[in-house]
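The values are calculated or read from the model by the stated rules, or taken from the named source; none is laboratory data. The structure presented is a predicted model; accordingly, all values stated were derived computationally and were not measured. Cβ coordinates were reconstructed from backbone atoms using ideal geometry, including for glycine residues, and neighbour counts include every protein chain displayed. For accessibility, only protein heavy atoms count, side chains too; no ligands or nucleic acids. Shrake-Rupley method; radii C 1.70, N 1.55, O 1.52, S 1.80 Å.
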Amino acid sequence: MAALELKTKALSRRRALQALGASALGACVPSRPAPKIEGGIVGGNHTRGHRVRKVKGARPAAREDVGIAILGGGIAGLSAAWAFERAGARDFVVLELEDAPGGTSRSGSGPITPYPWGAHYVPVPSPDNRPLVALLDEVGAISGRDALGKPVWAEEVLCREPQERVFHGASWHEGLYPRDGASAEDLRQLGAFEADMRRWSQWRDAAGRRGFALPRARGSEAPELKALDRLSMARYMDEHGWGSARLRWFVEYGCRDDFGATLVQTSAWAGVHYFAARLDDDGREAAEFLTWPEGNGRLVAHLARTAGPRVRLGALVTDIRTESDAVEVAYEDAAGRRAALRARHVVFALPRFLAPHVIAAYRDSPPPGLRETTYGSWMVANLTLRDRPASRGFPLAWDNVLYDSPSLGYVVATHQSGRDAGPTVFTYYLPILDEDPRRGRERLLRTSWAEWVEAILADLGRAHPGIRDLVERVDVYLWGHAMVRPRPSFLWSEALAAAARPLGRIHFAHTDLSGMALLEEAQYWGIRAAEAILRERGHRFRSWLS
Ligand SMILES: Cc1cc2nc3c(=O)[nH]c(=O)nc-3n(C[C@H](O)[C@H](O)[C@H](O)COP(=O)(O)OP(=O)(O)OC[C@H]3O[C@@H](n4cnc5c(N)ncnc54)[C@H](O)[C@@H]3O)c2cc1C
């Protein structure tokens, strides 16, 4: 762990701002030394992950027989384990590289509160998303049922008020859209955009399916909708004459938030999905958010408990080979020892980009379209504060967003536990938006902890001038291949459809098979892979997906 005396050095400052991808954040240079800040870069395990490329093909002599090997302990892998467990098929093992389960939904904790390292909320699901409703019921998010049998969501998991505020001009305002100072034309365009999203949320195909649903597999495949995928969200807005800077910022905020992508990098289908899939059937009400202090880490902990000791942490999958009646999976355990499983079936719940590195059959001849899946990076930092920083205007909310910032701002980890004063933890989110994701990743990994701290404080310092004096520690998590990008012409491509087809006894399951990184998608693919295997085994069970 490093400690930093925040005497700003010009060079480090310039590099820090480059790390944010920003040039306009230079306003807040501290005039005097501030207290020491503790912390460091605490994840992810890039060095270990990159070993896959070095040790690929290495095979140990001894092999352990298992029924099912689930590779990857993120939401998709853990959801597959959950589906097997609920169906009474308990002969599985989960191999997870990191020292904790959860992948991009994992969480951490400190003396003040638990906090998220990635995913931090899920919108209230539609009642027909049965597996998600069941999972949320198991974690106590449902307090009862109404007269129609619909879930009543527990107060403590529905995001408390105030939910959102935006820093615009020199002060904070309620909500995400900066209404203060908006022109009549800005507001007209906002109204037209909202009406358009309502129209899409009410859209039904001939079979009565929603146009945009969560998970996306529940939605329509009508050509009229698929055509949207050929446009970028920027182009969609251009075609509607929506040039208002505030509206474009607002919609791009949604794309950066859910997809880690700009308006230009986002397919119009995905951009519309972000808004329309979260409106109710009438297109009137947006779904409320369910959240916990540790974000979706609460769901991870429950899923990991369900799988129990069958989750093996620190297990790096290095090689997968198909035999006539089984699949051999080689891995390195936490102590660096080589081991292997001989599994009758495999759920490959690793990100798709790893397939040509670890699947022997793909090494020499990768399937066409494999490289169509591209990933953006993220930096997430948890800032421990001895007290709340002062802010002008609307008070501290759960989600605190800065207009004109490359970051998404921060979420307050103590918000949901109702502690509105005293020490807290801010979870700060920065998507890396470079057009070339590889360059963005290199910059992410090159930037030092001290530079990240400097960049974060420069960004937040605009809205909270005294924040440096309150920050005790900053822990940083670097997500290299964080989120699949829903680029134009990708979501309905043959390349993406092919990625989901099994390779013999290997079934694929990861949110990137949807082209969008969301809990609903990860859960869907995990359960889908599990059910395909249960069917192959002739196992009798009730499907969650029908
Ligand atoms: C910063 C950030 C914020 C997000 N916020 C939200 C949110 O608020 N709500 C939401 O719904 N979604 C959010 N997401 C999306 C999130 O990715 C999904 O919700 C979901 O967690 C994806 O799960 P997954 O299992 O498909 O993938 P992953 O999380 O990628 O899981 C894959 C797992 O495989 C493991 N692994 C990788 N290589 C190996 C190997 N060689 N051997 C063994 N194991 C390996 C990884 O460690 C990981 O645990 C966010 C994502 C990020 C990055």
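The table below gives the values:
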{"quantity": "Hull shadow area, averaged, the stretch 421-546 [alpha-carbon convex hull, nm²]", "calculated": "12.7 nm²"}
{"quantity": "Of all DSSP beta bridges in the chain, antiparallel share, percent nearest 5", "calculated": "65 percent"}
{"quantity": "Taking all pairs of distinct alpha-carbon atoms in the chain, Kirkwood radius in angstrom", "calculated": "24.2 Å"}
{"quantity": "Backbone N within the stretch 267-289 under 12 Å of label point (7 Å from LYS150 Cα along the Cβ vector)", "calculated": "280-288"}
{"quantity": "Within the stretch 403-511, GluC sites (Glu not before Pro) in DSSP loop having at most 13 other beta-carbon neighbours inside 10 Å", "calculated": "GLU435"}
{"quantity": "Carbon plus sulfur fraction of accessible area for the stretch 150-276, probe 1.4 Å, in percent", "calculated": "50 percent"}
{"quantity": "Per-residue HN-Hα couplings for the stretch 222-234 [Karplus 6.51, -1.76, 1.60; θ = phi - 60°; Hz; x = Gly/Pro]", "calculated": "4, x, 4, 6, 4, 4, 4, 5, 6, 9, 7, 5, 4"}
{"quantity": "In the stretch 262-311, the GluC sites (Glu not before Pro) that fall in loop regions by DSSP, at most 16 other Cβ within 10 Å", "calculated": "GLU285, GLU288"}
{"quantity": "Inverse mean reciprocal Cα-Cα distance (Kirkwood Rh) of the stretch 371-455, Å", "calculated": "14.7 Å"}
{"quantity": "Three principal axis lengths of the stretch 207-270 [C-alpha, angstrom, descending]", "calculated": "38, 23, 17"}
{"quantity": "Euclidean distance between Cα centres, the stretch 449-485 to the stretch 231-262, Å", "calculated": "25 Å"}
{"quantity": "Karplus-derived 3J(HN,Hα), 6.51/-1.76/1.60, for each residue of the stretch 308-325, Hz, glycine and proline x", "calculated": "x, x, 6, 8, 9, 8, x, 9, 9, 6, 10, 7, 10, 10, 8, 10, 4, 10"}
{"quantity": "Sum of -39500 (n - 2.57) over DSSP H runs of 4+, divided by residues of the chain (222 nm, nearest 500)", "calculated": "-9000 deg cm²/dmol"}
{"quantity": "Volume per residue that the Cα convex hull of the stretch 284-414 spans, once the total is divided by residue count, Å³", "calculated": "247 Å³"}
{"quantity": "Sequence ranges 251-260, 229-238, ranked by mean other-Cβ count within 10 angstrom, highest first", "calculated": "251-260, 229-238"}
{"quantity": "Highest-first arrangement of 121-134, 193-206, 339-352, where packing means the average Cβ count within 10 Å", "calculated": "339-352, 121-134, 193-206"}
{"quantity": "Carbon plus sulfur fraction of accessible area for the stretch 313-444, probe 1.4 Å, in percent", "calculated": "49 percent"}
{"quantity": "Fraction of the pair-distance distribution of the stretch 317-362 above 12 Å, Cα-Cα pairs, percent", "calculated": "61 percent"}
{"quantity": "Per residue, in Å², the accessible surface of the stretch 449-517 once ligands and nucleic acids are set aside, probe 1.4 Å", "calculated": "26 Å²"}
{"quantity": "Nearest-10 value in Å² for the accessible area of HIS464, using the 1.4 Å probe", "calculated": "0 Å²"}
{"quantity": "Accessible area of the stretch 366-436 divided out per residue, in Å², using a probe of 1.4 angstrom", "calculated": "34 Å²"}
{"quantity": "Area of THR373 that stays accessible when all protein chains are in place (1.4 Å probe, Å², to 10)", "calculated": "20 Å²"}
{"quantity": "Per-residue HN-Hα couplings for the stretch 491-498 [Karplus 6.51, -1.76, 1.60; θ = phi - 60°; Hz; x = Gly/Pro]", "calculated": "5, 10, 7, 5, 4, 6, 4, 5"}
{"quantity": "The stretch 67-106: radius of gyration and largest Cα-Cα distance (Dmax), Å", "calculated": "9.9, 28"}
{"quantity": "Solution diffusion estimate, µm²/s, Stokes-Einstein, the stretch 187-236, Kirkwood Rh from C-alpha pairs, 20 °C, viscosity 1.002 mPa s", "calculated": "179 µm²/s"}
{"quantity": "Compactness index (Cα Rg / 2.2 N^0.38 Å), the stretch 79-177", "calculated": "1.43"}
{"quantity": "Highest to lowest packing among 80-92, 315-327, scored as the average C-beta count within 10 Å", "calculated": "80-92, 315-327"}
{"quantity": "P(r), alpha carbons of the stretch 375-415 - 5 Å bins starting at zero, rounded %", "calculated": "5, 16, 26, 28, 15, 5, 3, 1"}
{"quantity": "Pairs of alpha carbons in the stretch 178-289 whose separation is greater than 24 Å (percent)", "calculated": "21 percent"}
{"quantity": "Rel. contact order, % - alpha carbon contacts under 8 angstrom, at least six apart, the stretch 399-474", "calculated": "22 percent"}
{"quantity": "Amide H within-cut-off set for ASP319, under 5 Å, with H built and near neighbours excluded", "calculated": "ALA330"}
{"quantity": "Accessible-area ranking of LYS36, LYS150, LYS226, largest first, probe 1.4 Å", "calculated": "LYS36, LYS150, LYS226"}
